[in-house]
Structures are given as C-alpha cells and as structure tokens.
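**Student:** Got a structure for you, questions after.
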Amino acid sequence: METVVSGIRSTGMLHLGNYFGALRNFTKMQHDAKCFFFIADYHSLTTHPDPTILHGNVKNILSEYLAAGLDPEAATIYVQSDVPQVAELSLLLSMHAYVGELERTTSFKDKIRKQPQNVNAGLLCYPVLMAADILLHRADKVPVGKDQEQHLEMTRVFARRFNSIYGVEFFPESQPYNFGQELVKIPGLDGSGKMGKSEGNGIFLSESDASIRKKVMRAVSDSGPTEPNQPMSEPIANLFTLLKVVSSPDTVEYFTDKYNACEIRYGDLKKQLAEDIIATVAPIRERIEEIKSNDKYLHDVVMAGAERARASADETIRAVREIMGIKKF
Ligand code: TYM
C-alpha cells in the first residue's frame with residue numbers, strides 16, 4: 001500500500017489555495033492509501049508567531065482540516081510537534097544538506113526579501129525539516145500545490161544523497177501529487193500571483209457568503225476583450241482558473257465562449273463565480289464552528305494521531321540511526 005504525507009503550516013486560516021492545492025486531493029486519497037496529514041507548527045515558528053496565539057492557530061487549522069473532510073478513522077492526523085522524531089530526523093538530514101543549496105531555495109530568497117530583519121537558521125533549514133516530515137513516513141506521494149514543487153525536489157535530492165552515501169535503498173523518491181495532473185496554483189483576487197494567507201487576496205474556508213460575494217465582485221479585472229479570441233490578461237485568466245476549480249465544465253465553456261465572442265460581462269462571470277465558491281465553502285464553514293467547539297473530540301483526534309505517527313516515525317528513526325552508525329551501549 002502506498003504511503004501519502006502532507007501538511008499545512010499553522011499560520012492564519014485555510015484558504016481556497018490550501019483546499020484545492022492540497023487538502024481536497026488528500027481527502028480523495030485517504031481511504032486508499034496509508035495517509036498522514038499534519039499541522040506544521042514547527043515550520044510556523046520561522047516567522048516568530050506570538051506564543052499566546054500559536055495554540056489557537058493549531059486548533060483552528062485542525063478544525064478546518066476535519067471540517068473539509070479529513071477522516072481521523074482513515075488518516076493519521078497529528079500535530080508536528082507531538083512527534084519529536086521529526087526534529088531528530090531533520091538534524092540527521094541536515095548533516096548532508098549543503099548551505100549553498102539551501103541558500104538558493106526560492107522560498108528562502110523570498111523570505112529574505114519579505115523579512116530582512118529576521119533571516120534565521122530555521123528559515124534556511126526549512127526544506128530540511130520539510131524533507132524530514134515526508135521521509136519520516138517514507139512517503140510515496142505528497143499532495144501539494146505548485147509552490148511546494150521545489151521543496152519536493154530537494155526532498156528527493158536529500159533522499160538520494162542519503163541512500164548513496166550509506167549504500168542503501170532506504171528512502172523513496174517522494175513525488176508531489178495531483179492525480180496525474182499538473183500541480184495547481186490557485187490565484188488570488190488581486191490580479192497577479194497566488195492566493196496566500198498573508199497577501200490579503202484570499203477567500204477563506206471560514207468566510208461568510210456576504211464577504212465572499214463582496215470580495216469576488218471587487219476582484220481585479222480589465223476593460224474587456226476588443227477582438228474575438230483575444231488572449232486573456234492575467235487578472236481574467238485568474239478568474240477563469242478559479243472558475244475551473246469550483247464550477248461545472250458547462251459554466252466554464254459558457255463564459256469562455258462569451259469571452260471569445262467579445263460578449264462577456266465580467267459582472268455576470270463574477271456573480272456565478274461567487275455562487276460556485278459559496279457552494280464549496282458554505283458546507284465546510286458550517287462544520288468548522290461545530291467542530292471547533294468540541295474540545296474533547298479535537299483532543300481525542302490528535303492524541304490518537306500522535307500515537308500512530310510516533311510509531312511510524314520510530315521505525316524510521318531506528319533504521320536511520322543504525323544506517324548512520326549510531327549504536328546503543
Ligand atoms: P502552506 O501552509 O503554505 O500551504 C499548505 C498547502 O497548500 C498549498 N497551497 C496552494 N496550492 C495552490 N494554490 C495556492 N495558492 C496555494 N497556497 C498554498 C501548498 O502548496 C501546500 O500544499 N511547507 C508547507 C507545509 C509543509 C508540508 C510538509 C507540506 C511542511 N512540511 C510536508 C507537505 C509535506 C507550507 O508552508 O505549506
């Protein structure tokens with residue numbers, strides 16, 4: 001049986017990018033594979049969150065996971081910091097990760113630009129910790145969005161290097177996964193770039209219908225096509241990307257034809273898009289509050305998950321220690 005691992009940082013709330021990039025794909029796989037899904041609270045520490053809000057963030061994300069369809073009976077759902085073996089594997093893998101390659105990582109270079117006052121070693125080693133998350137369970141597949149592709153590439157480099165240095169076939173070459181399709185990048189509503197937690201361009205799984213309508217109606221567009229089959233500008237292509245993930249193929253075809261015939265009214269497109277987003281989000285939102293208020297259930301889910309995750313992690317760590325020559329007296 002294949003092993004699947006994925007995770008989400010415990011920063012802010014989940015948005016449509018997280019849902020269509022990772023979470024939904026994972027929920028589709030949870031009954032057919034050995035699945036681990038976790039909340040990456042160690043990773044979130046790289047941006048120094050206020051300690052008084054860290055736990056609340058973890059609780060929010062956990063409630064949102066469950067509301068979005070993760071099934072604790074089928075998948076192992078856990079909090080990263082409940083499984084200390086991940087820190088050990090990260091340390092061990094870091095002995096074969098080169099500072100030069102870490103410095104060249106796109107996400108690291110982005111962070112240097114965004115938070116020049118806080119370029120900490122945790123940020124530099126972020127891809128190593130992520131590789132440890134994945135290799136801890138020797139994952140075959142990792143459902144993620146396009147933005148994580150480079151981190152997955154690095155995970156495979158670390159796995160191959162480990163195997164080759166120690167002359168073993170221990171770690172698999174974990175593949176990013178989206179059902180044989182391209183990994184997706186869900187755009188934001190601001191006309192360029194991807195939907196993000198802190199970009200102010202997102203729609204959240206906990207968002208109200210009224211707020212979704214308002215955001216979508218205000219999404220950046222352009223002045224409309226002036227000739228048939230004109231290539232789309234980035235803001236319009238982004239609206240169509242969103243339409244493709246939430247609407248039926250007929251709806252997409254209808255608006256594409258209208259665009260190509262220069263007959264499109266962006267107001268109509270946005271109204272339809274807003275309603276189709278609401279149809280995705282509303283049932284999840286309704287479950288979030290209910291789940292969040294059930295502390296006993298949340299406690300039971302993470303306790304059971306941590307236990308299963310630690311058992312799997314323990315097997316890997318024992319083997320890695322042995323391969324690297326760490327022995328007990
Ligand atoms: P994070 O928390 O930024 O995002 C979680 C998941 O959501 C996907 N995602 C998107 N997909 C498509 N379009 C978007 N606009 C979009 N925004 C976010 C991300 O690709 C990701 O799959 N480093 C990771 C968390 C992590 C992890 C792991 C993931 C830590 N260890 C091990 C997989 C395996 C992160 O920061 O994702």
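**Student:** For the stretch 132-145, how many residues are surrounded by fewer than 23 Cβ atoms within 10 Å (Cβ to Cβ) and near the ligand (Cβ under 6 Å from one of its atoms)?
**Tutor:** Of the residues in that region, 1 qualify.
**Student:** Of all residues in the stretch 196-209 being in contact with an Asp or Glu (Cβ under 8 Å, 6 or more places away or on another chain) and over 16 Å from GLY21 (Cβ atoms), which is farthest from the ligand (Cβ to nearest atom)?
**Tutor:** SER206
**Student:** Within the stretch 182-195, does at least one residue satisfy the condition of being without any contact (Cβ under 8 Å) to a residue 40 or more places away in the chain and either loosely packed, with under 15 Cβ neighbours inside 10 Å or within 10 Å of the ligand (Cβ to nearest atom) (or both)?
**Tutor:** Looking for residues that are without any contact (Cβ under 8 Å) to a residue 40 or more places away in the chain and either loosely packed, with under 15 Cβ neighbours inside 10 Å or within 10 Å of the ligand (Cβ to nearest atom) (or both), one finds at least one in the stretch 182-195, hence yes.
**Student:** Can you find even one residue in the stretch 12-28 that is part of a helix (DSSP H, G or I), more than 10 Å from the ligand (Cβ to nearest atom) and open to solvent by less than 20 Å² (accessible area, probe 1.4 Å)?
**Tutor:** no
**Student:** What is the one condition in (1) away from the ligand (no atom under 12 Å from the Cβ); (2) within 30 Å of ASP300 (Cα to Cα) that TYR65 does not satisfy?
**Tutor:** Here TYR65 meets the rest and fails (1).
**Student:** Output the qualifying pairs, or none if there are none: Cβ atoms under 6 angstrom, residues six or more apart or on different chains, first residue in the stretch 197-209 and under 19 Å from GLU286 (Cα atoms) and surrounded by fewer than 16 Cβ atoms within 10 Å (Cβ to Cβ), second residue aliphatic (A, V, I, L, M) and modelled with pLDDT of 95 or more.
**Tutor:** As it stands, the answer is ASP209/ILE278, since those pairs meet every condition given.
**Student:** Is it the case that THR3 is more than 28 Å from ASN238 (Cβ to Cβ) and either hydroxyl-bearing (Ser, Thr, Tyr) or buried (at least 21 other Cβ atoms within 10 Å of the Cβ) (or both)?
**Tutor:** Working: more than 28 Å from ASN238 (Cβ to Cβ): yes; either hydroxyl-bearing (Ser, Thr, Tyr) or buried (at least 21 other Cβ atoms within 10 Å of the Cβ) (or both): yes.
Against the criterion (more than 28 Å from ASN238 (Cβ to Cβ) and either hydroxyl-bearing (Ser, Thr, Tyr) or buried (at least 21 other Cβ atoms within 10 Å of the Cβ) (or both)), THR3 qualifies.
**Student:** Any idea which of (1) within 12 Å of the ligand (Cβ to nearest atom); (2) crowded, with 20+ Cβ neighbours inside 10 Å is the one ASP110 doesn't satisfy?
**Tutor:** The single condition ASP110 does not satisfy is (2).
**Student:** Also, I was wondering about something else. Go through the stretch 210-221 residue by residue and tally those that are open to solvent by less than 50 Å² (accessible area, probe 1.4 Å) and under 17 Å from LEU16 (Cα atoms). Break it down into steps so the answer makes sense when it comes.
**Tutor:** Start the filter on the stretch 210-221 by keeping residues that are open to solvent by less than 50 Å² (accessible area, probe 1.4 Å), which leaves 211-212, 216, 219, 221.
If we keep only those that are under 17 Å from LEU16 (Cα atoms) too, we end up with 211-212, 216, 219.
Going through the stretch 210-221 one residue at a time, the tally reaches 4.
The values are calculated or read from the model by the stated rules, or taken from the named source; none is laboratory data. Source: prediction; values computed, not measured. Cβ sites come from the backbone with ideal geometry, for glycine too, and all protein chains shown count toward neighbours. We work out accessible area using only protein heavy atoms, side chains counted, and drop any ligands, DNA or RNA first. Shrake-Rupley method; radii C 1.70, N 1.55, O 1.52, S 1.80 Å.
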